[in-house]
Amino acid sequence: MRHLCQASEIWRIGAIALIVFTAFPAAASDCVRPTIAPTIPNGVTATMDQLKATHLAVQDYVTKLLGYRDCVEAEIKAAPKGSKSDALQKLRDSGATAVADAKSLSDSYVLQVTVFKAQPRNARP
């Protein structure tokens with residue numbers, strides 16, 4: 001009998017969650033935006049190994065941001081007719097912000113690599 005009560009509670013919670021997520025499409029988003037961007041080392045003090053490791057981390061993070069944007073765009077396309085335009089615009093803005101953040105992070109990395117290469121210790125014969 002106890003198992004039936006637990007199953008009933010689980011079903012009820014699931015039904016409530018479904019209603020809530022249907023009412024608020026942005027909240028039901030399966031798209032997860034990456035949160036913690038890699039730290040870009042200072043080109044004046046960084047080592048080549050640090051820059052190489054950062055390069056991989058930046059590439060991974062940018063790929064995740066662009067994947068998030070793609071997911072958001074897919075949600076917008078799959079939104080049922082009659083979806084609130086405000087909610088869809090928030091999704092569009094979120095995708096655009098992810099792209100802007102990816103570009104900004106990449107630009108910061110490239111700048112620090114340029115600074116690194118300009119240091120006298122890195123001069124090539």
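Please treat every number below as a calculation from the coordinates, not as lab data. On a predicted model such as this, the values are computed, not experimentally measured, just so you know. Positions of Cβ are backbone-derived with ideal geometry, glycine not excepted, and every protein chain shown enters the neighbour counts.
So here's what we get for this one:
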{"read-out": "Residue exposure sequence - 47, 54 - by fewest surrounding Cβ within 10 Å", "value": "47, 54"}
{"read-out": "Distance violations [Cα-Cα > 21 Å] among 64/103; 64/117; 52/103; 64/90", "value": "64/117"}
{"read-out": "Surrounding net charge for residue 102, when Lys and Arg each add one and Asp and Glu each subtract one, Cβ distance under 13 Å", "value": "0"}
{"read-out": "Ranked 105, 111, 65, criterion: other C-beta atoms within 10 Å, fewest first", "value": "111, 105, 65"}
{"read-out": "Spatially proximal aspartates and glutamates relative to residue 77 (Cα-Cα < 16 Å; intrachain offsets below 8 disregarded)", "value": "30, 86, 93"}
{"read-out": "Within-14-Å neighbourhood charge of residue 77 [Cβ basis; K, R +1; D, E -1]", "value": "-1"}
{"read-out": "Dipole magnitude (debye, nearest 20) for the range 31-122, charges at Cβ of Lys, Arg, Asp, Glu", "value": "80"}
{"read-out": "Cβ-based exposure ranking for 85, 106, in which fewest neighbours within 10 Å come first", "value": "85, 106"}
{"read-out": "Vicinal HN-Hα couplings computed from phi for the range 38-55 (Karplus, 6.51 cos²θ - 1.76 cosθ + 1.60; Hz; Gly/Pro x)", "value": "x, 7, 8, x, 6, x, 6, 10, 6, 9, 4, 4, 5, 5, 5, 5, 5, 4"}
